[in-house]
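Everything on this sheet refers to the single structure shown next.
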Amino acid sequence: MDSIPSRSPLHGRYLITGASGRLGTALAARLTQAGAEVVLVGRTAASLAGARRTLHPSAAVEEAVCDVADASAVWALADRLHRDGGPFQGIVHAAGQFASGRLFALDPPVVRGILDTAVLGAHWIAQAFLPRMVARGEGQLVLVAAAAVAPGRGTNPRGTSVPYLVAKSSLAVFAHALDAELSGTGVSVSVVYPPTFEASARPGVLSATAVADALLALVIPGASAVSELVLTPVSPQTGPTGE
Ligand SMILES: NC(=O)c1ccc[n+]([C@@H]2O[C@H](COP(=O)([O-])OP(=O)(O)OC[C@H]3O[C@@H](n4cnc5c(N)ncnc54)[C@H](OP(=O)(O)O)[C@@H]3O)[C@@H](O)[C@H]2O)c1
């Protein structure tokens with residue numbers, strides 16, 4: 001397992017949604033290696049257990065089953081986690097659903113899954129968890145959008161789908177609007193725009209670990225100076241999905 005060279009130890013509790021996915025698992029590894037305590041959130045115990053197995057056995061990790069599109073489930077999760085443990089220093093909302101293809105071919109449950117997980121999920125998480133951060137005067141919420149909707153990129157529908165682009169654009173608007181609303185509270189909301197990434201890097205395609213490393217800069221205590229982060233691989237993007 002890689003270690004992080006010359007990085008300051010992280011103390012504090014972090015929550016990752018989409019923790020059983022490529023980015024969530026890589027980020028959990030980086031955060032726990034850096035000394036943080038991490039709550040892994042996903043919809044199934046089996047997928048979370050799989051993510052847990054990729055982490056060091058001594059890592060401070062808790063698994064929490066929750067569908068972030070379900071407001072009452074997110075509130076119940078926040079109440080339980082705050083009752084049973086300390087406050088959260090940072091939350092990364094990496095849960096996401098993806099579909100390619102033309103809008104007319106997408107089934108309504110697929111459209112709903114994309115939008116509800118990203119956009120409503122961000123709302124419920126912010127409403128359920130951020131008031132406690134504001135009360136402490138410290139904390140970070142990071143939303144994971146996509147390079148396809150990064151500033152200056154316009155929308156690039158190549159290979160993606162309308163609801164995916166709408167969901168990711170909405171996360172950027174959400175981050176900027178809520179960050180402005182929370183100005184002066186010590187709590188920041190930022191957005192990251194990763195290009196297509198995979199579990200392992202290949203030419204022109206970032207690894208999930210590379211994205212996680214970049215994300216760490218947004219969740220360290222006091223990280224309020226960066227409001228958005230656009231990631232671009234060194235060589236031209238050739239991924240099939242255009243995410
Ligand atoms: N991979 C890319 O190339 C790429 C590029 C740009 C942006 N992104 C974005 O980066 C984030 C992470 O991508 P990834 O490739 O790591 O994703 P992934 O491997 O497909 O994993 C997605 C994760 O989201 C979880 N999830 C989905 N719906 C959920 C819900 N309603 N409630 C709770 N958890 C839910 C899944 O867990 P369960 O299914 O177990 O619940 C899984 O852990 C996503 O937001 C994605 O849109 C990805």
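The values are calculated or read from the model by the stated rules, or taken from the named source; none is laboratory data. This one's a predicted model, so the numbers in the text were calculated from it and none came from an experiment. All Cβ positions, even for glycine, are placed from backbone atoms using ideal geometry, and neighbour counts span all protein chains on display.
Structure above, values below:
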| read-out | value |
| --- | --- |
| Of residues in the range 144-154 being part of a helix (DSSP H, G or I) and under 25 Å from Glu181 (Cα atoms), the one farthest from the ligand (Cβ to nearest atom) | Val149 |
| Conditions (1) crowded, with 18+ Cβ neighbours inside 10 Å; (2) under 19 Å from Val219 (Cβ atoms); number of the one not met by Leu48 | (2) |
| Unique residue being in contact with a His (Cβ under 8 Å, 6 or more places away or on another chain) and aliphatic (A, V, I, L, M) when the list is Val68, Val41, Val74, Val92 | Val68 |
| Matching option when the condition is modelled with pLDDT under 90 and buried (at least 21 other Cβ atoms within 10 Å of the Cβ), among Thr160, Thr155 | Thr160 |
| Out of Ala128, Ala172, Ala122, sole residue that is over 19 Å from His82 (Cα atoms), buried (at least 17 other Cβ atoms within 10 Å of the Cβ), under 18 Å from the mean Cα position of the chain (by Cα) and touching a residue at least 24 places away in the same chain (Cβ under 8 Å) | Ala172 |
| Candidates Asp107, Asp84 - the one that is surrounded by fewer than 16 Cβ atoms within 10 Å (Cβ to Cβ) and closer than 21 Å to Val38 by Cα | Asp84 |
| Qualifying residue in the range 99-109 (condition: of a type in the set (D, E, K, R) and in contact with a Phe, Trp or Tyr (Cβ under 8 Å, 6 or more places away or on another chain)) | no |
